[in-house]
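Some notes on the structure that comes next.
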Amino acid sequence: MTESTYRIHGATGDWEVVIGLEVHAQITSNAKLFSGAATAFGAEPNTQVSLVDAAMPGMLPAPNRECIRQAVRTGMAIEAQINKYSRFDRKNYFYADLPQGYQISQLYHPIVGEGQITVTLDEKHPNSATKTIGVERIHVEQDAGKLMHDQHPTRSYVDLNRSGVALMEIVSKPDMRSPVEAGAYVRKLRSILRYVGSCDGNMEEGSMRADVNVSVRKPGEEFGTRTETKNVNSVRFVMAVIEHEANRQVDVLEAGGKIVQETRLYDPDKNETRSMRSKEDAHDYRYFPDPDLLPLELDDAFLAECRASLPELPDAKRTRYETELGLSAYNAATLTAEVETTRWFESLVSESARAQGKSESDVARAAANWLLSELFGALNRLGKDLETSPVSPAQGAELLALVADGTLSGTLAKQVFEIMLETGDAAGKIVEEKGLKQTSDTGAIEEAAAKVIADNADKVEQYRGGKEALFGFFVGQTMKAMGGKANPKVVNEILKKALG
Amino acid sequence: MERARNASAARMSIDLQTVKKIASLARISVTDGEAQALVPELNNILGWVEQLGEVDVAGVEPMTAVIPNTLRLRDDVVTDGNVREKVLANAPQAEQGFFAVPKVIE
Amino acid sequence: MSNVTDLTVAEIRDGFRAGNFTAREVAEGFNANVAAAKALNAFIVETPDHALAAADAADAARASGDLKPLSGVPIGMKDLFCTNGVQTTAASHILEGFIPTYESTVSGKLWDAGAGMLGKLNLDQFAMGSSNETSFFGNVISPWKRNDGGNASLAPGGSSGGSASAISARLCPAATGTDTGGSIRQPAAFVGISGIKPTYGRCSRWGVVAFASSLDQAGPMARTVRDNAILLEAMTGFDPKDSTSLDLPVPAWEAGLSSNLKGKRIGIPKEYRVDGMPAEIDALWEKGIAFLKDAGAEIMEVSLPHTKYALPTYYIIAPAEASSNLARYDGVRFGLRDLPDGANLQDMYAATRAAGFGPEVKRRIMIGTYVLSAGFYDAYYTQAQKVRTLISRDFDRAWESCDLLLTPTAPSAAFALGEKQADPLAMYLNDVFTVPASLAGLPAMSVPGGLDAQGLPLGLQIIGKALDEQSVLNAALAIEERAGFTARPDKWW
Ligand SMILES: [Mg+2]
Ligand SMILES: [Zn+2]
């Protein structure tokens, strides 16, 4: 654990930045938290709305087990305390995107208590310093609807499709001290949520948004007054908000002003935050336990199932990749950062082990290298990702097996892989059809080498006369004569012998 | 300790400004006359409920469920929605599948 | 044949089954009574066609031999229950013209049981009141008059005053009510009928316009205990759409009726002898004790020490919940919208709610908003919920020595309209005997005990243990049989 040295250099000296994040993560579920309407993104306005979501008179909430389960699993993934007793409270305020006039949330008895997330501060160097950021709590609550302002000159339009979608609010402690730490925290949190499967982490679609709490202080002094910038929807913007807001606060303070505790909005186009006057008088939320809902009590069987269904998490996986699979720290970190990469990699490794009849640790390094260099390089070039990869893990494993058993040379393997990307065909089939099999047939190679030697008597002379650089020429010519398919090791040996 | 705090908070009587603040929180517009009339009315009622402060509630949990019962959880199945006509049927102003409200500046 | 509109639910059901009359005859009889009783202002909407359609279906079902429990019985529906395609207002301007696209669970169960709807019954606005004077659609008038020769219009009680008035005047044989702090029992007592509030969670609250969620409970109102048992069986039952609904089978309450109270211990809570209680109420109570003794019950005094705190507790919790429950009436998705020139969204809310809610509703929203607001929440709301726990414990302790409680239903007979309107607190005191059972979620029933000197009905209340509606009904039946209450208002409307 290291102290952050990030400072805002003001006219009166250096300022330390204190950051806390409230991340709203949409819980992955088919139906909404308290109604049976669907949660899918991008539907026609007000089609994924039940009468409950529209807060019609007499409508009542009925909670979705899966949303509770996912919040509990998420809590377990960050080693948090799980509260077997929790309650839903109403947060009362008036806004057009809030049909009930209150949001059902959890203030007094959240479902998840204190936990923690460890981040690597320099993600390029996986063995660099780490920092543990405290998580204060996770509670479950309803999302609001959406207001559209651009459709009409004097009216705003209300779409309630998101109204009532389940969210986890993951509240960190004010433990972060720099934009980099905050960025690392959000990325790590996102990675964990995606491993657990409790949130798809899709920030563009609003599945994850952060409320960014920022204050500044002279190092060692008490916390300053904080501002909260709402609904920041990318890691880059989170970092930009912190930098901008910290600088703004330092300017205000150094000019003799005071920071007002307020809600602010980030404008990514102008890269600035501004006060949200529309929410100004909504401070008194009059929280009280929702009388439509009884206390939520979780039994041991429910908790046991939640725990049993947790996958291996990124930190544990990374360590295992290094110790059991023998991967480099960098490769292990890269492969475990995203759950899709891990899944693809583990599938590739198990298919490879099966195809080659070897243990996973025997095939893992080659698999990791191929995935990180060859496959990622190709996908990059094609503008694709693992999900849309034209090559499956099983197909990759077949290719790697052909390299391992000497059927393909590195060069041939690259050639076959290119064809696989284009056609989607299996490596074996390509090798068969195009005759790309590497040959170690000494007879054929000896024949080709003999012809090259016979055809280039002058060069043989020069070589034998001491111009050893010419050896490469003979190798090249022999390989060419073999159509590139000769085993280079065998070619070398035969030429060495033939040229004396 | 707790009782003393409760009692002192409850003893506060409300004035015209407080009535206006409550009305604003509750989003009910009131004229000055209405607010003025509400001051004694609300004080009467609050003064009367204030007697609860004298009850010794040490060690007593606030009631959460009148009849012992715990929260049931439903299955994660889509059973509702796709009822836009029903949702919008009573709207004072609905346009292009949306509810319309005066333009909001955020 | 005697007039079908004089029959009880059981008599209509059985007479119809026996072929003594058709369901259409019954529906037409009540429709005619409803149409002729505008002066009572008991209905906000009349639905004669609904009643006739159900009647025709019942007649057809009788012919084909598949009758339902309430086939042939038309009823009134309190206008707090959302009814598909039929205006539902909660007696508030803010919901005027609101036509639900859905049916409340309770009303749906009644239609499924074969009942028809005569109309939507008037009530106190959002069920907030004890006299029906807070209705936007004008107050309901009790069919009863004092025998003092004066012609004062009397309050039918509230909030289910339309239900009470209509049943008492034979506009319907039975009706639904809802009870948050006494809104079934007090109006039943005022007009000389019976009504039961079952255990909290027995009737689904889904589709019932909410007043105070932790207290609201639907129940039947009718002229006899048996009719209440019949209706209650049709209205109750588990509903997964209401998280507070009890997942229990519906008992056969009608079949279980018995007025033999041998072995039952009846507690008389001494704290209910409040200062200034009219002697007639006291006398009625003594009469009730004698009835129950006569039915074989053992009578004992019990103590419910926190009784005096029930009313102030209620007037914190109910307004607090209401202030939040009524936030959805904002002019955006349904109901009234008041959009003054140049108004922004928040102005629109404030204008709409100012124009749409009546004075008592506003008063309670304001109280509720205040007691939940920053700095006051613990002193008021949390304290009230703790006292509520103590009130509930009082009952638990009483159940260690007795099975049921007997009390008067209300501290007075029906008062004149306008008499208590000026003083909200005086009005609130009407609920002093009914509120404690509401706070504890217990089943409680009012049954007519007799008349006062002015010839007005007085009710006795039976409070039972949670889920023990059967004992409540049985004790009420024992009183009913002995009180011989046959008085009915002279028709003047
Ligand atoms: Mg926040
Ligand atoms: Zn939140």
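Computed quantities for the displayed model
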item: Virtual spin-label span in nm between A:SER373 and A:GLU254, 7 Å along Cα→Cβ; result: 4.9 nm
item: Sum of -39500 (n - 2.57) over DSSP H runs of 4+, divided by residues of chain A (222 nm, nearest 500); result: -12000 deg cm²/dmol
item: Which of C:ILE44, C:GLY267, C:VAL191, positive extreme of dipole for the protein assembly as shown (C-beta unit charges); result: C:GLY267
item: Value of relative contact order over chain A, rounded to a whole percent, pairs C-alpha under 8 Å and six or more apart; result: 14 percent
item: Cut-off 20 Å (backbone N to label point 7 Å along Cα→Cβ of C:LYS262), residues of the range C:471-493; result: C:471-482
item: Cα convex hull volume per residue for the range A:1-93 (Å³); result: 229 Å³
item: Bridge type composition, chain C - antiparallel percent by DSSP, nearest 5; result: 70 percent
item: Peptide ranges C:366-372, C:398-404 listed from the most packed, as the mean C-beta count within 10 angstrom indicates; result: C:366-372, C:398-404
item: Computed over the range C:270-378, Cα set: Rg, Dmax in Å; result: 22.5, 71
item: The range A:477-493 residues near the modelled A:ASP458 label - backbone nitrogen below 20 Å, point 7 Å along Cα→Cβ; result: A:477-478
item: Charged-residue dipole, Cβ positions (Lys, Arg, Asp, Glu), the protein assembly as shown about Cα centre, Debye nearest 20; result: 240 debye
item: In sequence order, calculated HN-Hα J values of the range C:427-433 (Karplus, 6.51, -1.76, 1.60; Hz; x Gly/Pro); result: 5, 4, 5, 4, 8, 4, 8
item: Inter-site label distance for A:THR5 and A:ARG65 at 7 Å from Cα along Cβ, in nm; result: 5.4 nm
item: Computed Rg/Rh of the protein assembly as shown, alpha carbon atoms with Kirkwood Rh; result: 1.13
item: Gyration tensor (alpha-carbon) shape descriptor, the range C:414-466, a/c threshold 1.5; result: oblate
item: For the range A:209-225, Karplus couplings with θ = phi - 60° (6.51, -1.76, 1.60), whole Hz, Gly/Pro x; result: 9, 10, 9, 9, 9, 10, 9, 10, 7, 6, x, x, 7, 5, 4, x, 5
item: 5 angstrom amide H check on A:ILE82, placed H, neighbours 5+ away; result: A:GLY113
item: With all protein chains modelled, accessible area of A:ASP441 [1.4 Å, Å²]; result: 80 Å²
item: Gap separating the Cα centres of the range A:77-100 and the range C:172-202, nearest whole Å; result: 35 Å
item: Cleavage-rule hits (GluC sites (Glu not before Pro)) in the range A:209-266: DSSP loop, at most 13 neighbouring Cβ within 10 angstrom; result: A:GLU221, A:GLU222
item: Shape category assigned to chain B from the gyration tensor of Cα positions, a/c cut at 1.5; result: oblate
item: Chain B: relative contact order in percent, alpha carbon pairs under 8 Å with at least 6 residues between; result: 24 percent
item: Rg ratio (alpha-carbon, reference 2.2 N^0.38 Å) - the range C:183-296; result: 1.25
item: Beta bridge orientation in chain A: antiparallel %, DSSP, nearest 5; result: 95 percent
item: The range C:409-446 versus the range B:82-106: alpha-carbon centroid distance in Å; result: 41 Å
item: Mean Cβ neighbour count within 10 Å, used as a protection proxy, ranking C:24-33, C:195-204, A:208-217 highest first; result: C:195-204, A:208-217, C:24-33
item: Hypothetical label at C:ASP112: residues of the range C:194-229 whose amide nitrogen lies under 19 Å (7 Å Cα-Cβ projection); result: C:201-209, C:218-220
item: Note, ³J(HN,Hα) from phi for the range A:34-43, Karplus 6.51, -1.76, 1.60, rounded to Hz, x at Gly and Pro; result: 10, 9, x, 6, 6, 10, 4, 7, x, 7
item: Relative contact order [Cα under 8 Å, 6+ residues apart], the range A:312-434, whole percent; result: 21 percent
item: Anchor A:LYS317: aspartates and glutamates whose Cα lies under 17 Å away (excluding residues fewer than 8 positions away in-chain); result: A:GLU79, A:GLU123, A:GLU338, A:GLU340, A:GLU346, A:GLU360
item: Chain C, helix-only ellipticity at 222 nm - DSSP H runs n ≥ 4, -39,500 (n - 2.57), divided by all residues, nearest 500; result: -11000 deg cm²/dmol
item: Built amide H within the under 5 Å cut-off of C:GLU46, gap 5+; result: C:LYS120
item: Distance (nanometres) between label positions extended 7 Å along Cα→Cβ at B:ASP56 and C:THR486; result: 5.6 nm
item: Buried accessible area, chains A and C (both chains, 1.4 Å probe, Å² to nearest 100); result: 2800 Å²
item: Pairwise FRET efficiency - C:LEU425 versus A:ALA129, Cβ, R0 = 60 Å, nearest 0.05; result: 0.35
item: For the range A:384-443 versus the range C:324-353, the gap between their alpha-carbon centres in whole angstrom; result: 68 Å
item: Translational diffusion coefficient (Stokes-Einstein; Kirkwood radius from C-alpha pairs) of the range A:312-434 at 20 °C, 1.002 mPa s, in µm²/s; result: 148 µm²/s
item: Distant-in-sequence amide H partners of C:VAL73 (H built 1.01 Å from N, under 5 Å); result: C:GLY116
item: Heavy-atom accessible area per residue - the protein assembly as shown, 1.4 Å, Å²; result: 37 Å²
item: Furthest towards positive pole of dipole, A:ILE494, C:GLY97, A:GLN151, structure part the protein assembly as shown, Cβ charges; result: A:ILE494
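The values are calculated or read from the model by the stated rules, or taken from the named source; none is laboratory data. Note that the structure is predicted; figures quoted are calculated from it, not measured. With ideal geometry, Cβ positions are generated from the backbone for all residues, glycine too; neighbour counts draw on all protein chains shown. For accessibility, only protein heavy atoms count, side chains too; no ligands or nucleic acids. Shrake-Rupley method; radii C 1.70, N 1.55, O 1.52, S 1.80 Å.
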